[in-house]
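The values are calculated or read from the model by the stated rules, or taken from the named source; none is laboratory data. Treat the numbers as computed from the prediction; the structure is a model and nothing was measured. For neighbour counting, all protein chains shown are included, and Cβ atoms are generated from backbone atoms with ideal geometry for every residue, glycine included. Heavy atoms of the whole protein, side chains included, go into the accessibility calculation; ligands, DNA and RNA do not. Shrake-Rupley method; radii C 1.70, N 1.55, O 1.52, S 1.80 Å.
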Amino acid sequence: AWDLMTDRTRFVLLMVTAPILAYTLIGGLLGRVVAREGTYQHLRVFEDVVSLVNSNYVEEVEAGRVMQGALWGLAEGLDPQSVYLTEEETRAYVAADVPGEVGIGLTLTRQYYVQVVAARDGSPAAAAGLRPGDFLRTIADAPTRTMSAVRASALLRGAPGSTVRVSVIRGNAAEPMDMDIQRGADRSANVTSRIVSPGVGYLRIAEFDDTTADAIGSAADELATQGATKLVVDLRSTATGAFDAGLATAGRFTDTPTLIIRETSAGQQPVARRGDPPSITAPVALLTNPGTSGAAEVFAAALVDVERAETVGLRTAGRAAEQTLVDLPGGGGLLLSSTRYLTASGESIHRTGVEPVVPVQEPAIELGLPASAPDEDPVLDRAIEHLTAAPAV
């Protein structure tokens, strides 16, 4: 077949496949993949497709663009958190926060376009009314159809007080709405609390970090002094934070020896509970929605799996995986989900999410209209009813 190719075809094929072959030879991810049964056949098909495109496509083929498209499609077929990054995007990912720049408080994923996972409490995005599931069709006039979440996050960042224009689609709306959102570092406290009904305390966790476990313990103690014998823990739209912080916080509620299971390509590893005995023993209802993601999902799954808590609301996001950046020749990278989390009983959380015991639909809010009044919260109301009917410990 090689002898039948034109010089132009050979050149394009070599340009496209050389990075793959180079990466394979150094024993990286693709080296392991090629060893799997049937993969050689797929690579031969890829070679044939390149040859056919080069021979029949009406315009001259740009090898670099074809290669980027192939790598993009490879990662796109895995999960929304795995993505091929260009050299520029790789630098942005490694740099993470740029000094002097702030965003608008969004956690993003990809689903055809860039999609909102959640808006951080007290952030400019939350004040603008952005909700889980909203699509960002353009950011700063740049289309997001083939944009990574890494690139989208970089575009949203800028000088404090500056504005960024986003074109937002919610639900089945025919036309997107343009919104100018002012960048800022505003955010609420990680943990807030109050009494919401006689004997029922409310804990809101907006983010999981190194301070969350202690803050939850202190807030629960304070609620107990105010007469709370049962607790509602609100995890709706909680999408930021470290998995370890979520597990440390779960350890405040349960003494189960194994909180969760970490799984990699090398196998599974149980994650043991650490620290002092649990300080929170009251019955718990967790409020969840599609914005409940990452550390919040692991926290919820750990408690639900051992029947320490029940969930009220909607299924969580199913984003319980950690990503590893694999460097590629030429400066680009593959951001791959290399670790995923399972419950202690072996049920997957990634892609699946945590199903509510008591399903409650959130009120639909049309984009651009004000949200419901603060005292109107049917999910919280249903959780209070559920807790009130349950026996106290």
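Listing for the model above:
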| item | result |
| --- | --- |
| Two-decimal ratio, region 62-125, of alpha-carbon radius of gyration to 2.2 N^0.38 Å | 1.36 |
| GNM flexibility winner over the chain from Thr352, Thr238, Thr90 (Cα, springs under 10 Å) | Thr352 |
| Two-site label geometry, Ser265 and Ile365: point separation in nm, points 7 Å out along Cα→Cβ | 4.2 nm |
| Probe 1.4 Å, all protein chains present, accessible-area order of His386, His350, His42, largest first | His42, His386, His350 |
| Isotropically averaged projected area of region 264-393, using the convex hull of Cα atoms (one quarter of hull area), nm² | 12.2 nm² |
| Per residue, in Å², the accessible surface of region 293-393 once ligands and nucleic acids are set aside, probe 1.4 Å | 47 Å² |
| Accessible area in square angstrom per residue, region 202-277, 1.4 angstrom probe | 44 Å² |
| Once the Cα gyration tensor of region 101-164 is diagonalised, semi-axes √(5λ) in Å | 17, 14, 9 |
| Calculated [θ] (222 nm, deg cm²/dmol) that DSSP helices of n ≥ 4 give over the chain, each run adding -39,500 (n - 2.57) | -9500 deg cm²/dmol |
| Proportion of all alpha-carbon pairs of the chain beyond 36 Å (%) | 33 percent |
| Volume per residue that the Cα convex hull of region 91-133 spans, once the total is divided by residue count, Å³ | 86 Å³ |
| Probe 1.4 Å - accessible area at Thr324, Å² to nearest ten | 60 Å² |
